[in-house]
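To keep things clear, I will list the structure first and then write my remarks on it.
The values are calculated or read from the model by the stated rules, or taken from the named source; none is laboratory data. Because the structure is predicted, anything quoted here is derived from the model rather than measured. As a convention, Cβ positions derive from the backbone with ideal geometry for all residues, glycine included, and neighbour counts pool all protein chains shown.
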Amino acid sequence: MGLDLETLNRSVTKLRADIPEDAFTAGILGSQRIGNGVVIDSAGLVLTIGYLMTEATDVWLTSEAGKEIAAHPLAYDQVTGFGLVLPLQKLDAPPVSLGSSAELRAGSEVHVLSAKDFAPPQAARVLARREFAGAWEYLLEEAIFTAPAHPHWSGAALIDDRGTLVGLGSLLVREVIGGEEINANMFVPIDLLKPILQSLMSTGRVNRLPRPWLGVYAVELAGKVYVTGVVEGGPAQSADIREGDVISEVAHQEVGTLPDFYRRVWAVGPAGTGVPLTTMRGATQLHLNVRSVDRGELLKRPQAH
């Protein structure tokens with residue numbers, strides 16, 4: 001018996017968020033964001049990708065009847081990238097069950113579901129399960145990569161052959177298949193949500209020490225970590241780290257990949273810890289101490305309704 005994709009698709013809602021122009025993330029992510037959310041419990045709780053709703057003052061979800069319903073931005077976890085939104089009226093959408101992303105393998109057949117306003121359900125295949133390092137100090141151990149790419153991936157639901165939610169859409173990426181570059185999507189595995197869901201629902205955050213954040217954008221090239229930009233007013237800028245610098249060591253340990261760089265920084269201590277960096281600027285070696293911060297402290301908080 002095949003999947004009832006029509007019923008499953010009712011669990012995916014269009015999400016629209018307004019963010020103040022002076023918000024920390026407005027310059028990069030914009031002040032108006034549109035994507036998807038997935039209903040995951042009988043109370044109408046909506047799981048989305050956090051960059052859609054971080055710092056939002058107003059969030060709207062679209063019901064099956066096409067009515068916009070106000071919602072409260074409940075929680076955002078920077079480590080996983082998940083966000084939670086709570087509708088303030090009945091959304092009248094069935095919840096989708098959480099599945100097991102650990103069972104997905106390269107070659108697994110899946111479906112990508114966005115809000116029906118965006119696109120019909122799309123069949124896809126898992127290309128790979130592997131580490132993903134984002135330029136913005138973000139790391140997933142076993143991200144899910146699928147193709148063909150879905151045109152409305154942000155917060156889209158990745159559904160397995162049992163009809164359960166196994167991933168949440170995050171990015172459009174380029175993958176090499178048989179020597180050819182193609183568009184693909186990266187999904188955050190749903191298994192990362194399970195241990196933190198209750199904490200996010202009850203307190204709006206995860207009960208863990210915040211990671212140190214430097215405010216750098218970086219890429220890995222030929223065994224070196226290059227700084228491609230620094231966040232204005234962030235710790236890296238304050239420590240005089242500049243675009244084009246090569247980060248060669250963290251706390252006197254060599255780094256040659258983005259995952260190495262992030263893990264070394266996070267191992268130094270929690271947010272607020274000084275992070276010793278060795279950088280190369282042309283032929284000049286520099287030894288810098290970057291006073292890290294909790295990135296969450298820079299973000300505007302949701303207003304109580």
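Note on the range 70-79: residues that are buried (at least 21 other Cβ atoms within 10 Å of the Cβ) and within 15 Å of LEU47 (Cβ to Cβ) amount to 5. If you go through the range 54-73 and keep only what is of a type in the set (A, V, I, L, M, F, W, C) and modelled with pLDDT under 95, you end up with ALA56, ALA65.
Conditions tested, residue by residue: (1) within 30 Å of ASN289 (Cβ to Cβ); (2) surrounded by 21 or more Cβ atoms within 10 Å (Cβ to Cβ); (3) not assigned by TED's automatic domain parsing to the domain that holds GLY269.
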site	(1), (2), (3)
LYS116	no, no, yes
ALA123	no, no, yes
LEU139	yes, no, yes
GLY155	no, yes, yes
ASP160	no, yes, yes
VAL166	no, yes, yes
GLY178	no, no, yes
GLU181	no, no, yes
ALA184	no, yes, yes
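Each residue in the range 253-268 was checked for being more than 18 Å from LYS224 (Cβ to Cβ) and in contact with a strand residue (DSSP E or B) (Cβ under 8 Å, 6 or more places away or on another chain), and 1 pass. If a residue counts only when it is touching a helix residue (DSSP H, G or I) at 6+ places or on another chain (Cβ under 8 Å) and over 20 Å from ASN9 (Cα atoms), which strands (runs of 3 or more DSSP E) contained entirely in the range 155-232 have at least 3 such residues? Here the list reads 216-221, 224-230. Selection of the range 216-242 for residues being surrounded by 15 or more Cβ atoms within 10 Å (Cβ to Cβ), touching a residue at least 40 places away in the same chain (Cβ under 8 Å) and under 19 Å from the mean Cα position of the chain (by Cα) yields VAL216, TYR217, ALA218. Determine, yes or no, whether GLU6 is surrounded by fewer than 24 Cβ atoms within 10 Å (Cβ to Cβ) and either touching a residue at least 24 places away in the same chain (Cβ under 8 Å) or in a helix (DSSP H, G or I) (or both). Judged against the criteria, GLU6 is a match. When you check VAL250 against the structure, is it out of contact with any strand residue (DSSP E or B) (no Cβ under 7 Å at 6 or more places or on another chain) and either at pLDDT below 95 or buried (at least 17 other Cβ atoms within 10 Å of the Cβ) (or both), yes or no? Here the answer is no, as VAL250 does not meet what is asked. Consider ALA106 carefully, then state whether it is in a loop (DSSP other than H, G, I, E, B) and either farther than 18 Å from ASP18 by Cβ or of a type in the set (Phe, Trp, Tyr) (or both). Spelling it out, ALA106 is indeed in a loop (DSSP other than H, G, I, E, B) and either farther than 18 Å from ASP18 by Cβ or of a type in the set (Phe, Trp, Tyr) (or both). Residue check: THR164 meets all listed conditions (1) modelled with pLDDT of 95 or more; (2) over 27 Å from PRO94 (Cα atoms) but one, namely (2). Does at least one position in the range 128-144 carry a residue that is in contact (Cβ under 8 Å) with a residue 24 or more places away in the chain, under 24 Å from ASP4 (Cα atoms) and not hydroxyl-bearing (Ser, Thr, Tyr)? Yes, the range 128-144 contains a residue that is in contact (Cβ under 8 Å) with a residue 24 or more places away in the chain, under 24 Å from ASP4 (Cα atoms) and not hydroxyl-bearing (Ser, Thr, Tyr).
Considering the range 88-114, the residues that are more than 19 Å from LEU45 (Cβ to Cβ) and among the hydrophobic types (A, V, I, L, M, F, W, C) include one that is surrounded by the most Cβ atoms within 10 Å (Cβ to Cβ), namely VAL112.
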